[in-house]
Amino acid sequence: MAAPAFALEPAPDREPLKERPLVVLVGLTGAGKTTLAGALGLPTLPNRRELTDRYILGGPVADRVERFRRVAAWRRAHPGGVAELLARGYVPPAPVWLFDGLRGEGELEYALSHLPRARFLVLEADPGTRLLRLLARREAFDRVADPGELAALAEGMVPAEVLDRALAIAPAPEVAEKLRIVVEESRNYGYEGVRRVLGGSPRALFLDARAPVAALAERARTWLEGTLADR
């Protein structure tokens, strides 16, 4: 049986992840991280959701808002968040690994300090773009027990024309559910913090997530070839 792609326990067929080249995707839900990961075609670690279920929550938590709450409680004791898990982890040998993904200032600061061979691809997407993508992907994971009132959620978060487009895709309760996810993520992990930590860093590339994935992947590959060659 092949070794698992990630574990917190050392083994003869694994090496510390912190000593290996690592590409980290950064972005909120709906930014297109999974799509870009597929286009890049790099060996991929278990994603953020899988590591969170396994090592932080002890199992899946269906309600996204409750999930945010419980992860936030864990992060108060572990300000490095999921980056702490990565820095403690072991992986099978590979030229480079990809991880989807880190978010928030605490995680990114920890990763910069404790994962010295990591490079960061930041997919920036506005709330409206993320809302429309969440509605289009119809993933079972995107569930909220009590989303709240749609108009209150949308105020100051998405333009009226985007809300109209969303309501043409799905009924109001579903739009409210997805928008609540966008709101809660923005509250916990906004892009402003990402810019504060990674803005200007030679180890980070910022990408406009609205661009076609082929163009994003080509730009990312070119940048990674140069920056990883300098490692």
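Computed values, structure above
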| quantity | calculated |
| --- | --- |
| Options 45, 17; residue that is buried (at least 17 other Cβ atoms within 10 Å of the Cβ) and closer than 30 Å to residue 212 by Cα | 45 |
| Scope segment 99-108; condition surrounded by 22 or more Cβ atoms within 10 Å (Cβ to Cβ), out of contact with any Phe, Trp or Tyr (no Cβ under 8 Å at 6 or more places or on another chain) and over 16 Å from residue 34 (Cβ atoms); matching residues | 107 |
| Qualifying residues in segment 100-146 (those that are touching a strand residue (DSSP E or B) at 6+ places or on another chain (Cβ under 8 Å) and over 27 Å from residue 215 (Cα atoms)) - the one modelled with the highest pLDDT | 115 |
| Qualifying residue in segment 22-32 (condition: surrounded by fewer than 18 Cβ atoms within 10 Å (Cβ to Cβ), touching a residue at least 24 places away in the same chain (Cβ under 8 Å) and more than 12 Å from the chain's Cα centre (by Cα)) | no |
| Selection count where residues are closer than 14 Å to residue 64 by Cα and surrounded by 15 or more Cβ atoms within 10 Å (Cβ to Cβ), scope segment 148-170 | 0 |
| Members of segment 5-18 found to be touching a residue at least 60 places away in the same chain (Cβ under 8 Å) and either under 30 Å from residue 190 (Cβ atoms) or out of contact with any Lys or Arg (no Cβ under 7 Å at 6 or more places or on another chain) (or both), listed by number | 5, 6, 8, 9, 10, 11, 13, 14, 15, 16, 17, 18 |
| Matching entry among 87, 37, 72 (being of a type outside the set (Lys, Arg) and touching a Ser or Thr at 6+ places or on another chain (Cβ under 8 Å)) | 37 |
| Residue within segment 171-181 that is loosely packed, with under 15 Cβ neighbours inside 10 Å and at positive phi present | no |
| Hits in segment 172-231 (condition: of a type in the set (A, V, I, L, M), part of a helix (DSSP H, G or I) and free of Cβ contacts under 8 Å to residues at least 12 places away in the same chain) | 215, 229 |
| Selected residue (criterion: surrounded by the most Cβ atoms within 10 Å (Cβ to Cβ)) from residues of segment 210-231 that are under 17 Å from the mean Cα position of the chain (by Cα) and under 18 Å from residue 41 (Cα atoms) | 216 |
| Close pairs from segment 56-67: first at pLDDT 85 or above, partner of a type in the set (Phe, Trp, Tyr) and in a helix (DSSP H, G or I), Cβ under 9 Å, at least 6 apart | 56/74; 57/74 |
| Options 93, 10, 60; residue that is surrounded by fewer than 17 Cβ atoms within 10 Å (Cβ to Cβ) and in contact with a helix residue (DSSP H, G or I) (Cβ under 6 Å, 6 or more places away or on another chain) | 60 |
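To keep it simple, each residue is scored yes or no on (1) surrounded by 18 or more Cβ atoms within 10 Å (Cβ to Cβ); (2) in contact (Cβ under 8 Å) with a residue 12 or more places away in the chain.
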| residue | (1), (2) |
| --- | --- |
| 69 | no, no |
| 74 | no, yes |
| 81 | yes, yes |
| 97 | yes, yes |
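The values are calculated or read from the model by the stated rules, or taken from the named source; none is laboratory data. Just so you know, these numbers come straight off a predicted model, no measurement behind them. Neighbour counts are summed over all protein chains in view; Cβ atoms, including those assigned to glycine, are modelled from backbone coordinates with ideal geometry.
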